[in-house]
1. For S649, S670, S437, give me the order by solvent-accessible area with a 1.4 Å probe, most accessible first, ignoring ligands, DNA and RNA.
2. Quick check on packing: order 450-458, 340-348 by the mean number of other C-beta atoms within 10 Å, highest mean leading.
3. Quick one: P(r) of the chain from all Cα-Cα pairs, 20 Å bins, percents rounded to integers, in order of increasing distance.
4. Given a 1.4 Å probe and heavy atoms of the protein chains only, how would you sort E188, E182, E574, largest accessible area at the top?
5. How much of the DSSP bridge set in the chain is antiparallel, in percent, rounded to the nearest 5?
6. Accessible area per residue of the chain at 1.4 Å probe, in Å²?
7. Can you flag which of K618/K664; K91/K644; K618/K644 are past 29 Å Cα-Cα?
8. Would you mind working out the magnitude of the charge dipole of the chain relative to its Cα centre, with +1 at each Lys and Arg C-beta and -1 at each Asp and Glu C-beta, to the nearest 20 Debye?
Amino acid sequence: MARNIYITSVEGHAGKSTIALGLLDTLSHEAERVGVFRPVARSSDERDYVLELLLAHEGVDLGYDECVGVSYEDVHDDPDVALSRIVERFKAVERQCDVVVVLGSDYTDVGSPTELSYNARIAANLGAPVLLVIGGQSEEYGNRSAEDLRQVFGLASQELELAHAHLVGVIANRADPANLAEIIRVLEEHVEVPVWAIPEDPFLIAPSMSSLVEAVEGTLLKGDPELLHREALGVVMAGMSMENVLTRLIEGSVVIVAGDRADVLLAMLMAHSSDTFPSLAGIILNGGFDMLPQIELLIDGLGSGLPIIRTGLGTYDTAVRVTKTRGRLAVDSPRKFDTAIALFEQHVDVKLLLERLQVNRSSVITPLMFEYALLDRARAHRQHIVLPEGTDDRILRASSTLLRRGVARLTILGDEAEIRARSIALGLDLSAATILSPHDPELVERFALEYAKLRQHKGVTPEDAREVVTDVSYFGTMMVHFGLADGMVSGAAHTTAHTIRPGFEIIRTEPDVSIVSSVFLMCLEDRVLVYGDCAINPDPNAQQLADIAVSSAATAAQFNIEQRVAMLSYSTGESGSGADVDKVREATALVRQRRPDLMVEGPIQYDAAVDAAVGLSKMPDSEVAGRATVFIFPDLNTGNNTYKAVQRSAGAVAIGPVLQGLRKPINDLSRGALVQDIVNTVAITAIQAQVLAGAKA
């Protein structure tokens, strides 16, 4: 039977979707099968964007239609019949899940007391405890005081009690940031359950440029469509002379300009491109006027990418529609997604809430659970990671997520003005990151002298070194070498060789390791395996293969994966012969000699290593056969093809390659890496740095 929780509020615009997303993300790290359910959707004709947002979460594997109870129209027609239908449809979802997040209705067309009463009835009939969300903002008066919120809670608690709904916690959401402690204190005096307060975040309520385009029935006239995802943090009406408009510009604002005022339009574009004025989110030209060819030519020459929207509406109607458009959490807003989850993590005692819900961690490890465990461990003792590829948007997006979630301290290499401008244009917050030029004269000189010293046996002079160390991979590696960063992640825009060669030359291998190798952490549906080497060494000899096995076992231990090492070959035990099998047999003996404490078996075939029945048949007395967790492939051809086959055929999440054997952590990215891949790799690098720091301590 699933454990469920019902999220409801007293009124609209309380930010329930933020709470639902944060709770869903938390539960997906604890339970294998997490579901969502929307008992009352906005309309039977229009898809519910909040439900779509929750269903898009990686931890949920359900279809839209099965997660909807009824529509508002159904409730109006017959509340009792609608309630029966809700319970019936909910039970179908519940049977598929370990835990279900139920998100109450949105107060779109029913009075608050009536709607809260109906939500309370639903919660009681579903047997789901209620997490009550109280809005810290009044649409009419702004910030609510602690006493205001106490009164709101008093009204809500009466409705919940009348319906026999069980209250499990209270969250004052969108609360006054300067008054959180007082709000919690006052509410706790009148509430017998845990109380949390989450501050108002202006970014979460800011509308995106794409939603403003829709609101004014506009079209993108000029600019980068990607920048329509940026949020507009304010509105400026350019209804005065150019010089007076310039003094009123706001960072991240949208400027409404009459379509026949080309002088004001050009001034706004110049201000946006200038370092001395705020960066704009976009410009809306009202009136529907055509742009003169000369003006178009000027705009194209500026090449700012700033979205310029044209609408046929007049100034008043445009302003009204823009100011009434509310921001909302949506699938296409990664920064809002990260912000919502970060606020929930920072202000809600997740451990206490899970205890009250009686949700215990599953013994199964899903890919999402493993990824979260990486972030959680990295966050515990934040390390300093350098990212050399500051010109890549994926690096900037990943950096925003890492900083917002508090995973690591970051230095991004590149031109600071360019990176800051690009991050602002993308709607990213990189204010907490250090941005450093690889041409910094003081560091270049310091790095060059050290590099020349390290490579003097190769004839490298200081003059040669000065040119080499300005390469971002060498510059980042030198930062790690000097302790200016704890680790480096690169490769999104560079080859593997370009990323790791500086590590070979500068960082070098650990004293007892003869070779740098790699592993992939293969996240299957219910467990995590280690595959090595699948990325670097084409044909390791027996000594090198033994090194790879020992290093891979150590990497497994770093990430709390049991160490049962299978030395793979095309034969098992003594059944085969030949140079390839003999190499694996010799490598296995070397591993046992170096690490007698390690459970290792080889040569062994993959099926005997992974399948319990086959393992029992072929090697009945083995501690590894059928239960292997660390798989060592005899060569790169076998390893690379196998990891990709498992990744594609079994739907596994392959995290890596994770480099091992270097004295300090440097990791490579695939040039096709997604933002989440970069986030995971930075977390892995941070954990490796933590382990190294612990070993030194």
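The values are calculated or read from the model by the stated rules, or taken from the named source; none is laboratory data. From a predicted model like this one, the values you see are computed outputs, not experimental measurements. Glycine gets a Cβ as well: all are built from the backbone with ideal geometry, and neighbour counts include every protein chain shown. Heads up: the accessible areas ignore ligands, DNA and RNA and are worked out on the full protein's heavy atoms, side chains in. Shrake-Rupley method; radii C 1.70, N 1.55, O 1.52, S 1.80 Å.
1. Working: S649 105, S670 65, S437 45 Å².
Result, largest first: S649, S670, S437.
2. Working: 450-458: 14.6, 340-348: 20.0.
Ranking, from highest mean packing down: 340-348, 450-458.
3. The percentages, shortest bin first, are 16, 40, 34, 10, 0.
4. Working: E188 100, E182 70, E574 150 Å².
Solvent-accessible surface, decreasing: E574, E188, E182.
5. Values: 18 of 80 bridges.
Roughly 20 percent of the beta bridges in the chain run antiparallel, per DSSP.
6. Here the per-residue accessible area is 42 Å².
7. Details: K618/K664 40 Å; K91/K644 39 Å; K618/K644 26 Å.
Cα-Cα > 29 Å for K618/K664; K91/K644; rest within.
8. Numbers: 61 positive and 95 negative charges, 325 e Å.
So the magnitude is around 1560 debye.
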